[in-house]
Amino acid sequence: MLKASGVGMTAGLATTAGCLGDDESVAVASMQWSEARLMGYLGYEMLQENTDYTIEDEIGLGGSAQVFEAVRNREVDLYHLYTGGAWATIPPQRDELIGDPQELYERARDDMEEEHGLVYLEPASFNNTYAIGANPAWTDETGIETLSGLAEHVNAGNTDMDVVLGPEFQERSDGWPGLVDHYNFEEAAEDIEIQTVEADLTYQILGEEEADLGMVFSTNPNIQQFNLDVLEDDEDFFLPYNPAPLVNEETIEEFEIEEPLNEVSRSLTSEEEVIELNVRIDIEEEDAQEVAREYLEENGLI
């Protein structure tokens, strides 16, 4: 771990980052949302219990781009990056959409090493991808259960609907623009009223029937909390989003941390199990670190 003097540090790093950096320390970071914090603490607690290194807590450091740069510059050592995000948002620009999870991971892994000098360890097999959620009253009224059904509905002139989307999803090639193009209702979709909202508010807005459709994340517990329907991606447009530890290459060379981190990934096989962990954090308001530690204990990993 670099000894941090504050010079060249990524903007927005926690003030504690200045104390990172003794030669036997590994700094574990994460993005800020709940499941990302859970993944971060799974790695943090696993390394804390299974190595003799000092493990630094930089969980919740920032957004994906900020944390990626911190790992690339070795201001922190690792974080969990989802494979779809690695492919769609980390340079270089790629237009190809890959539906096979293993192929996507391998292509992203190779690019991380060749383009950025980073090591992408084993991914978990659970998939937290984008989805289109709907309020049940709308699906009952329309009978629509799939995205191809939505496309047919819109192309027939039924554009009088309220759609809520996060700002990033509205712009991404693996978001709304790519979806309407892939399902062939791009022209008709121009007549749909789209409201821009923070992604976390989508679930409540749909649940209270203030909108018809919106972008959701497939393992977010608020889908259950607000009894939302999810339209089936029956033509497999959305990229797989499997979390995997992204580690600075120098860190891998200096510290024996690869196997403990891979063990965590291998244990996470079920979307249902991850949703239950997310319920504890988001709905029941339990501490993410405690939830992570209990998971590792219950699964015999620590």
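Read the figures in this text as sums done on the coordinates, not as results from a lab. The structure displayed is predicted, hence computed values, not measured ones. Backbone-built Cβ (ideal geometry, glycine too); neighbour counts: all protein chains shown.
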Q. Short version: ³J(HN,Hα) in whole Hz for each residue of segment 220-225, in order, from phi by Karplus 6.51 cos²θ - 1.76 cosθ + 1.60 (θ = phi - 60°), x for Gly and Pro, what are they?
A. 6, x, 5, 4, 6, 4
Q: Could you work out the relative contact order of the chain, using alpha carbon pairs under 8 angstrom and six or more residues apart, expressed as a whole percent?
A: 26
Q: Can you tell me the relative contact order of segment 163-231? Whole percent, Cα pairs under 8 Å, sequence separation 6 or more.
A: 37
Q: Only bridges with both residues in segment 130-231 count here: give the DSSP antiparallel percent, nearest 5.
A: 55
Q) ASP229's amide H: which non-local residues (gap 5+, or another chain) put their own amide H closer than 5 Å, with H modeled 1.01 Å from N in plane and none for Pro or chain starts? A) ALA134
Q) Highest GNM mean-square fluctuation, the chain, Cα pairs closer than 10 Å: which of GLU250, GLU75, GLU58? A) GLU250
Q. Dipole magnitude of segment 130-231 about its Cα centre, charges +1 at Lys/Arg Cβ and -1 at Asp/Glu Cβ only, in debye to the nearest 20?
A. 360
Q. Farthest toward the dipole's positive end in the chain, which of ALA211, ALA292, VAL247, given Cβ charges of +1 (Lys, Arg) and -1 (Asp, Glu) about the Cα centre?
A. VAL247
Q.
How would segment 130-231 be classified by its alpha-carbon gyration tensor: rounded, prolate or oblate, with rounded meaning a/c under 1.5 and the a/b versus b/c comparison settling the rest?
A. oblate
